[in-house]
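Visitor: The structure is given below, and queries will be raised subsequently.
The values are calculated or read from the model by the stated rules, or taken from the named source; none is laboratory data. Because the structure is predicted, anything quoted here is derived from the model rather than measured. When we count neighbours, we look across all protein chains shown, and the Cβ atoms used for this are built from the backbone with ideal geometry, even at glycine.
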Amino acid sequence: MINIYELSLLDLLPVSIKTDEITAVCKALDKQLMEISGRLIENIILPRIDELPEKTVDLLAWQLHVDFYEPLGMDLKKKRELVKNAVVWHKEKGTKRAVEQLVKTVFFDDFKVIEWFTYGGKPYYFRIVIKNGSVKTKEEYNLLIQAINSAKNIRSHLEKVISESNTENKLYFGMSVKKKHTITVG
């Protein structure tokens, strides 16, 4: 296999035209071609997203029309995940999977999207059930709703967000019996 970063024109030159003049021209051009091929890595952007600076990630998000992208205040790891998945998510937009992937990337790892026919609700309604986590502030809740609305289809409606958590608590209880005797002497 030919490594493009080490490729010489002499490697591509057919034997039938390997004259001294052609060989000299190839050697003269090799230096410039090596310099150009060395800079090719700068044009390979998406596969290198984890190496790119935040400013470049922000520009890619704008260019790829990433839904629910907050350039200010969002963690760089989340930004990179959103940009990496933008093309796939645009293809899946309006599906249950698109909602799940966006909410998982930005908010919660452990949750479910439950559609209306599963719980006997009104047609085209769905619920989000968050397991072992919760929405802590009104701002976070509004961001969650905004994210869901950017990924769901138009006809579907979020009915409610349910937060479930399993906690282990000790319950103490006690009991006392008081017996009262009344004796009447007569």
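Visitor: Would you be able to tell me the number of residues in the stretch 20-44 that are surrounded by 14 or more Cβ atoms within 10 Å (Cβ to Cβ) and modelled with pLDDT under 80?
Guide: 1
Visitor: Something else: Can you work out which of the residues in the stretch 85-106 that are of a type in the set (D, E, K, R) and touching a residue at least 24 places away in the same chain (Cβ under 8 Å) is farthest from Asn153 (Cα to Cα)?
Guide: It comes out as Lys96.
Visitor: Next question. Of all residues in the stretch 151-180, count the ones that are touching a residue at least 40 places away in the same chain (Cβ under 8 Å) and among the hydrophobic types (A, V, I, L, M, F, W, C).
Guide: 2
Visitor: Against the condition closer than 26 Å to Lys93 by Cα and within 24 Å of the chain's Cα centre (by Cα), how does Ser165 come out, does it pass?
Guide: no
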